[in-house]
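First up is the structure itself, then whatever we jot down about it.
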Amino acid sequence: MSTVSVDLPTGTTTVSADWVPGTNGSTVVIAHGAGAGKDHPFLQGYADALGALGFSTLRFNFPYVEQGRRMPGPATHAIATWRAVVAFARAQDPQAAVWATGKSYGGRMASMAVAEGLVVDGLAYLGYPLHAPGKPEKPRAEHLAAIAVPQLFVEGTNDPFIQPISQFDDVVATCRNARVVWIDGGGHTFEVKGRKLPASEIGASLAPIVAEFARP
């Protein structure tokens, strides 16, 4: 495990990260959701499956997880962390393409960082949280249209964070270069009713979708 130095508005801190080199010339940086750190089985399964497909992977924690807190800190802290971990990934393999991916909150923070100037080759969201469940009147989407790099939305059709789906479709239509891959019956963590799978297997099942998007 490595540590990455992050310059926050409140001072410099460090976050934990797991770098696993690959062979295909592309790096996938992986952010966790709001309620779990980088070592959640879903993300471990996802990263391991990407590694088996030849990708370098970098999983990392946001500062609030390192500090033992349950709730995310300011968005500025998450954006600064994304800048730091992408710089770390580039230092490990300067020639590699870099793809930013994240579960829910982690993916949304990546999109905000890219909208503010972070340079990556593309973004893949694992369950983009368009709005809080039951609150479609408060979408988190204005910045998405400003993103020029390709965007991939991997979404469950039963995810309460994107209902109604017609609203989500309208948001994706505002993006310059975006597409959606639907997981039929999937919820926000891609669980499907009546189909019990370990979180690691669910995460691993999404890796080929992202690999096809990010393949060199």
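Please treat every number below as a calculation from the coordinates, not as lab data. Everything quoted here is computed from the prediction, not taken from an experiment. Methodologically, a virtual Cβ is constructed for each residue, glycine included, from the backbone with ideal geometry; neighbour enumeration extends over all protein chains shown.
Worth pointing out:
- Quotient of C-alpha Rg and 2.2 N^0.38 Å, computed over region 46-112: 1.17
- Set of aspartates and glutamates near residue 38 by C-alpha distance (under 15 Å), chain-local residues within fewer than 8 positions excluded: 18, 48, 66
- Straight Cα distances below 25 angstrom link residue 193 to the lysines 103, 135, with same-chain residues fewer than 8 positions distant left out.
- In a simple Cβ point-charge model (Lys, Arg +1; Asp, Glu -1; nothing else charged), region 168-216 has a dipole of about 100 debye relative to its Cα centre.
- A quarter of the convex hull surface defined by the alpha-carbon atoms of region 2-214 gives 11.0 nm² as the mean projection.
- Think of each Lys and Arg Cβ as +1 and each Asp and Glu Cβ as -1; about the Cα centre, that makes the dipole of region 2-214 roughly 340 debye.
- Over region 95-193, Cα pairs under 8 Å with separation of 6+ residues give a relative contact order of 25 percent.
- Axial C-alpha extent at least 24 Å, average Kyte-Doolittle at least -1.0 - helices from the chain (DSSP): 75-92
- Sequence-separation-based contact order of the chain, relative, with Cα cut under 8 Å and 6+ spacing, percent: 21
- Pairwise Cα inverse-distance average, inverted: Kirkwood Rh of region 107-216 (Å): 14.4
- Dipole of region 2-214, positive end: most advanced residue of 28, 68, 119 [Cβ charges, Cα centre]: 68
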